[in-house]
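One structure below.
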Amino acid sequence: MTGEKFTLLQYPIKGILGLIETEQFVIPEIQRPFVWKRKQVRDLIDSLYNGYPTGYIITWKNPDVKTKDGGVSNGKHVLIDGQQRITALMAAISGKEVLDEDFNLDRIKIAFNPLTTDNTKRFEVQDASHLKNKRWIPDISVVFDNSFDPFDFAINYCKDNPDVKPNEVNKAITELKAIANRQIGVIELDHSLEIDEVTEIFIRINSKGTALSQSDFVMSKMAADIEHGGNMLRKTVDYFCHLASKPEFYAQMTHDKDFQLSPYADKIKWLAKDYDDIYDPDYGDMLRVSFMHQFRRGKLADLVSLLSGRDFETKEYRDDIVDSSYQQLDKGIQNFINEYNFDQFIMAIKGAGFISNKLLNSAMTLDFAYTLYLMLLDDPTIPNAQIKRYVQKWFVMSTLTGRYTFSPESNMDRDMRSISEKGFLNFFAEVEASSLSDSFWTITLPQNLETSSVNSPAFNTFIAAQINLNCNSMLMNGTKISDLVTISGDVHHIFPRAYLKNNGVDNKTKYNQVANYIYLDTQVNKAISDDAPCVYFAKAKQQCETKEIKLGNISDIGLLTSNLEENCIPDNIDTMNVTSYEAFLFERRKMMAALIEKYYKGL
């Protein structure tokens, strides 16, 4: 059955494995961990043996491209769904090693009992018992090997099992080998389909309904292109992301000899000693940043087209476009993985007060900030000493306004184009004037702080502002907010939760307002217990007169006044009880917004 968008075909399993062997079918995930359980591999083989359907696989044909000599290079088929099933077949039938979660190569061996009367026990994941028991074939891959001689095997099997006749063994082996001729449905998607359409087809066919991301498609294209080095670039992305979150993986990575001989291995080995988790990008983040700062575009769908060689004007596919696109992407990835670039960017984010990943809300906002940093390195109008400052301000502005929260790719694409057309400084001035007006600071931001979400961007930015301004924690002099965020502190209530609930404020969204949150030293929190603010702040003021410390460590009224100010707590807090709670929240939101404004303008 043939249509404009796809072709539906049937391939025997041995045909698919042969196409993979000759690299006409490319499995993008072959260099990534195999996530199926071994029992799932056993179940797949059992289903095929019994002739049960095992679902479709989906391939997407790379376009044929015009080469420099006027010829045509035939596009390969990239497997975009069915990787786990095909990898399982390669492991069990072809005897190929697969990568486990730590990128270690391992064999998955399926044992076969040719003469069992219990159909549920015909196949098993190999263990030591199958090696000892002569009725089992410990590894079915030997049966599918070209050198396998069924006649010799039957004779030897019967020697070990005298009660068995050779023709019985032959019959069972023939049925097992028939698996190689079982048909699997293959849906071949046409190369001319746009990514959105490919995704829609994928969702409709895939029972799980899991959408592929555009970065999945980019990784697929890279895996299929050995000629332009795409397969090694893909490994670089995979290994960098794995190392960023798990530095101890470095020892396993060194086992990949091909990669170790590439120019990329030395450029990412610094991650083996990097345990910072402020920015642990996944491959989507890494591809997005590498692409955006080099191509000045924001939509990864464009990168898929460019790596396919598409000319956006003529709609044809040309090898010179593939070549130049890979060169640009290579440069982008090398800029991304550069230790100095990465470290300087992280320093900028930390310098803005975002010293812990729990203060970070949006990976997309981080992605654009790193993109901007790499772009400004090549901008002659920006002094090097000012780059971090502009990156910080853009990052904070984007966080506060949710710039990349909705339709992030469209907004990133728009911003990339505006920066290219107007220059960064002019565009930034425009954005700042329109997004951070006086009404934003006095009306919008206090309203955004009217939330019970401790992960709200406005509250996280308030904490970052306190860290950047080197603020002390409440009722402590010398213990900084930064200490509590990174070492031992936690968010607690200024009006204690139990106090509010005992006095009628039992709505969770009311007593958990972020304007009622504060990072507190554990001992201070214990001393406050469930007291009303008018009780414990009165104690704090009293100890400034008596010098007898009972709460925190402040015994000077001047220090106490500045401590309240840096924590955005109204100076009449020592008179407040439950009847003052709403007024307290309203006032503190205004004070928090004012502190954030002071912080932002001081960056």
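The values are calculated or read from the model by the stated rules, or taken from the named source; none is laboratory data. These numbers were taken from a predicted model, which means no experiment stands behind them. Every residue, glycine as well, gets a Cβ built from its backbone with ideal geometry; the counts of neighbours run over all protein chains shown. The accessibility values were calculated without ligands, DNA or RNA, using every heavy atom of the protein model including side chains. Shrake-Rupley method; radii C 1.70, N 1.55, O 1.52, S 1.80 Å.
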Where K68 falls short, out of the listed (1) of a type in the set (K, R); (2) at pLDDT below 85; (3) surrounded by 14 or more Cβ atoms within 10 Å (Cβ to Cβ): (3)
Of the numbered conditions (1) under 30 Å from K315 (Cβ atoms); (2) modelled with pLDDT of 90 or more, Q183 fails exactly one; give the number of that condition. (1)
For T575, indicate whether it is among the β-branched types (V, I, T), loosely packed, with under 13 Cβ neighbours inside 10 Å, modelled with pLDDT of 95 or more and in contact with a helix residue (DSSP H, G or I) (Cβ under 8 Å, 6 or more places away or on another chain). yes
Tell me whether the stretch 485-508 contains one or more residues that are open to solvent by less than 10 Å² (accessible area, probe 1.4 Å), within 33 Å of the chain's Cα centre (by Cα) and within 26 Å of V578 (Cα to Cα). no
Search result, residues across the stretch 523-554 that are polar (S, T, N, Q), more than 28 Å from N448 (Cα to Cα), open to solvent by 40 Å² or more (accessible area, probe 1.4 Å) and without any contact (Cβ under 8 Å) to a residue 60 or more places away in the chain: Q523, S529, Q542, T546
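Listed here are the residues, each with its yes/no results for (1) in a helix (DSSP H, G or I); (2) among the aromatic types (F, W, Y); (3) over 24 Å from Y283 (Cα atoms); (4) touching a residue at least 12 places away in the same chain (Cβ under 8 Å).
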{"residue": "Q327", "(1), (2), (3), (4)": "yes, no, no, no"}
{"residue": "I346", "(1), (2), (3), (4)": "yes, no, no, yes"}
{"residue": "N361", "(1), (2), (3), (4)": "no, no, no, yes"}
{"residue": "D367", "(1), (2), (3), (4)": "yes, no, no, yes"}
{"residue": "T371", "(1), (2), (3), (4)": "yes, no, no, yes"}
{"residue": "V391", "(1), (2), (3), (4)": "yes, no, no, yes"}
{"residue": "M397", "(1), (2), (3), (4)": "yes, no, yes, yes"}
{"residue": "L400", "(1), (2), (3), (4)": "yes, no, yes, yes"}
Residue, nearest to the chain's Cα centre (by Cα), within the stretch 201-237, restricted to residues that are open to solvent by less than 10 Å² (accessible area, probe 1.4 Å) and at pLDDT 90 or above: V237
Keeping to the stretch 95-137, report how many residues are under 17 Å from E175 (Cα atoms), not basic (K, R) and not in a strand (DSSP E or B). 9
Sort out which residues of the stretch 250-261 are at pLDDT below 95 and in a loop (DSSP other than H, G, I, E, B), and write them in order of number. T254, H255, D256
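Right, V304: of a type in the set (V, I, T), over 15 Å from the mean Cα position of the chain (by Cα) and part of a helix (DSSP H, G or I) or not? Before the answer, list the steps.
On the way: of a type in the set (V, I, T): yes; over 15 Å from the mean Cα position of the chain (by Cα): yes; part of a helix (DSSP H, G or I): yes.
Yes.
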Residues in the stretch 402-422 that are surrounded by 14 or more Cβ atoms within 10 Å (Cβ to Cβ) and either outside any helix (DSSP H, G or I) or touching a strand residue (DSSP E or B) at 6+ places or on another chain (Cβ under 7 Å) (or both) total 4
Could you please find all residues in the stretch 138-150 being farther than 16 Å from S94 by Cβ and surrounded by 11 or more Cβ atoms within 10 Å (Cβ to Cβ)? P138, P150
Any idea which of G3, G75 is open to solvent by 30 Å² or more (accessible area, probe 1.4 Å), at pLDDT below 90 and under 22 Å from D196 (Cβ atoms)? G3
Looking at the stretch 84-91, can you tell me whether even one residue there is farther than 24 Å from G51 by Cβ and touching a strand residue (DSSP E or B) at 6+ places or on another chain (Cβ under 7 Å)? no
Looking at (1) in contact with a strand residue (DSSP E or B) (Cβ under 6 Å, 6 or more places away or on another chain); (2) surrounded by fewer than 22 Cβ atoms within 10 Å (Cβ to Cβ), can you tell me which one E450 breaks? (1)
From the residues in the stretch 294-350 that are of a type in the set (G, A, S) and open to solvent by less than 50 Å² (accessible area, probe 1.4 Å), which one is nearest to V391 (Cα to Cα)? A348
Selection count where residues are within 30 Å of I467 (Cα to Cα) and assigned to a helix (DSSP H, G or I), scope the stretch 329-344: 9
Neighbours by Cβ (under 9 Å, 6+ apart or cross-chain): first from the stretch 144-162, touching a residue at least 24 places away in the same chain (Cβ under 8 Å); second in a helix (DSSP H, G or I) and open to solvent by 80 Å² or more (accessible area, probe 1.4 Å): F144/K14; P150/T174
I'd like to know if the stretch 266-276 contains one or more residues that are modelled with pLDDT of 90 or more, buried (at least 18 other Cβ atoms within 10 Å of the Cβ) and either at positive phi or part of a helix (DSSP H, G or I) (or both). yes
